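First the structure, in the form of structure tokens, and then the observations on it.
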Amino acid sequence: MAVYKKLEVKSTQLLEKIKDSLERLNEKIDVMIEIQKHGQRANPEIPDALDVMTLLSLPDHLRKTAVTLCKLGEATADNVAEQTKRARAVESGYLNQLVIMGYLKKERRGRKAYFYVEKEA
Amino acid sequence: MGKIIALHSYKGGTGKTLLSVNLAATYVKKGKNVCLLDLDFRAPSLHAVFKTNNSERWLNDYLNGVCEIDKVLVDVTQEHGRSGKFFVGLANPATEAIREMSAKDRKWEMRALGRLLSLKTSLLNDMHHDYVILDTSPGLQYSSINAIVSADVVLVVTSLDASDIKGTQRMTRELYDLFDKKTGILMNKVLPEILSSKKEKQKFYKHFNSVHKLPILEAIPCFCDVLRAGGTYIFSEEKTEHPFTKTLDKLATKIEEF
Ligand SMILES: Nc1ncnc2c1ncn2[C@@H]1O[C@H](COP(=O)(O)OP(=O)(O)OP(=O)(O)O)[C@@H](O)[C@H]1O
Ligand SMILES: [Mg+2]
């Protein structure tokens, strides 16, 4: 019985690990797709401010994501998707593109990725 | 849950401040708790309307991150309350403060947007205001666009001036629409004869609905009595039976349902 229990725990852990890796992989693919679609390149030199004039200059689909994130302060792709009523994968792609463009920061905590506009010093 | 309403315009002098103040007073009269904020940092006005210097802090300080919003708000319920509570937040009218506010960089404006957005939680949820009314500077000012992004409803105050109409059309396409804002037009200082009959009035509304491609919430006539008052008192508070006051009552109800 005990052996059986141990096995069960092990396999659940393994499955979770696989799920995690898949999610990360998914995110990376999203970013690549976004970069391909919009031809935006990372510009690490100038970390940019997400002020309203910048918001105005963004393409519509990114603006919606960016404004939502400004409202939430800090959020996961799930949180943003809930507000915008778009698919999580879509928001994840947009959020990651905003990170690449230098407007957002991203931080992994445990299994989740959190996005935020630059924090006050 | 309450609402944040921003009054904005393309050109200056269209009546944003007059309408903000009187709309706020109208809601207070209806028993709502109202908070009126002066976000016109280039030409602050509300300190003159409320003749108060009671605040420890200005809205400038709140946006600078040196204090919380409760330190800024002045309770004017004693002098101006009818059935609801009435609070105002003032912009610092000192020349030095105006100069300082106009020299802020993009990073600062970004943080200011964050602070304005968080008013939704502090003023509506925690302090239970029913309406937060934002008076703004005309045109594409940082502080005004920040206000628009933070608002639930944007009221665009326009005149019949051709350049104002053109400018408002452009702002609708390039500003309000881009932020998906619930936006309504207030036609202000309309010549009374244009609104003389029901038929004329309908024609007027229909015409400007199609010109602005936005709902015309109200057409407010130009009243010499309002000009005569010269902003020395809150018009709708004192002249309760005046057509201007009646028009604002109607407008307040329309916005509640908007
Ligand atoms: N319907 C009206 N009838 C008569 N006078 C009006 C009316 N609306 C506004 N005014 C007058 O027009 C002048 C400008 O109004 P107000 O200061 O409210 O405009 P504003 O849009 O806030 O200006 P600014 O862009 O400079 O902030 C004031 O003297 C005000 O009393
Ligand atoms: Mg004004």
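Would you call B:Asp225 out of contact with any strand residue (DSSP E or B) (no Cβ under 7 Å at 6 or more places or on another chain) and within 27 Å of B:Gly84 (Cα to Cα)? Judged against the criteria, B:Asp225 is a match. Residues that are under 25 Å from A:Asp48 (Cα atoms) and more than 10 Å from chain A (Cβ to nearest Cβ) were ranked within the stretch B:117-139; the one that is farthest from ligand 1 (Cβ to nearest atom) is B:Leu119.
Evaluate the stretch B:67-80: report whether one residue or more is in contact with an Asp or Glu (Cβ under 8 Å, 6 or more places away or on another chain) and either touching a residue at least 40 places away in the same chain (Cβ under 8 Å) or crowded, with 17+ Cβ neighbours inside 10 Å (or both). Looking for residues that are in contact with an Asp or Glu (Cβ under 8 Å, 6 or more places away or on another chain) and either touching a residue at least 40 places away in the same chain (Cβ under 8 Å) or crowded, with 17+ Cβ neighbours inside 10 Å (or both), one finds at least one in the stretch B:67-80, hence yes. Does the stretch B:1-48 hold any residues that are among the acidic types (Asp, Glu) and closer than 22 Å to B:Glu79 by Cα, and which are they? Within the stretch B:1-48, just B:Asp38 meets the criteria.
Inside the stretch A:92-119, can you point out the residues that are closer than 17 Å to A:Glu82 by Cβ, in a helix (DSSP H, G or I) and out of contact with any Phe, Trp or Tyr (no Cβ under 7 Å at 6 or more places or on another chain)?
Across the stretch A:92-119, the qualifying residues are A:Ser92, A:Gly93, A:Tyr94.
Checked against (1) within 16 Å of ligand 1 (Cβ to nearest atom); (2) open to solvent by less than 30 Å² (accessible area, probe 1.4 Å); (3) outside any helix (DSSP H, G or I), B:Gly13 passes all but a single condition, namely (2). For the condition more than 29 Å from B:Lys239 (Cα to Cα) and within 16 Å of ligand 1 (Cβ to nearest atom), B:Ile98 qualifies. In the stretch B:201-258, the qualifying residues are those that are charged (D, E, K, R) and in contact (Cβ under 8 Å) with a residue 24 or more places away in the chain, and the one that is most open to solvent (accessible area, probe 1.4 Å) is B:Lys213.
Within the stretch B:220-234, restricting attention to residues that are over 14 Å from B:Lys189 (Cβ atoms) and more than 6 Å from ligand 1 (Cβ to nearest atom), the residue that is nearest to the other protein chains (Cβ to nearest Cβ) is B:Ile234. Take the residues in the stretch B:31-43 that are closer than 25 Å to B:Cys222 by Cβ and touching an Asp or Glu at 6+ places or on another chain (Cβ under 9 Å), then tell me which one is most open to solvent (accessible area, probe 1.4 Å). If we take residues in the stretch B:31-43 being closer than 25 Å to B:Cys222 by Cβ and touching an Asp or Glu at 6+ places or on another chain (Cβ under 9 Å), then B:Asp40 is most open to solvent (accessible area, probe 1.4 Å).
Filter the stretch B:151-161 for residues that are surrounded by 23 or more Cβ atoms within 10 Å (Cβ to Cβ) and away from ligand 1 (no atom under 16 Å from the Cβ) and give the result. If the condition is that a residue be surrounded by 23 or more Cβ atoms within 10 Å (Cβ to Cβ) and away from ligand 1 (no atom under 16 Å from the Cβ), then B:Ala151 is the only one that fits. Of all residue pairs spaced 6 or more apart or on separate chains, those with beta-carbon atoms under 9 Å, a first member in the stretch B:84-109 that is under 21 Å from B:Val21 (Cα atoms) and touching a residue at least 24 places away in the same chain (Cβ under 8 Å) and a second member that is of a type in the set (Asp, Glu) and part of a loop (DSSP other than H, G, I, E, B) are B:Gly84/B:Asp130; B:Ala91/B:Asp40.
The values are calculated or read from the model by the stated rules, or taken from the named source; none is laboratory data. Note that this is a predicted model, so its numbers are computed, not measured. Cβ sites come from the backbone with ideal geometry, for glycine too, and all protein chains shown count toward neighbours. Please note that ligands, DNA and RNA were not included when accessible areas were found on the heavy atoms of the full protein model with its side chains. Shrake-Rupley method; radii C 1.70, N 1.55, O 1.52, S 1.80 Å.
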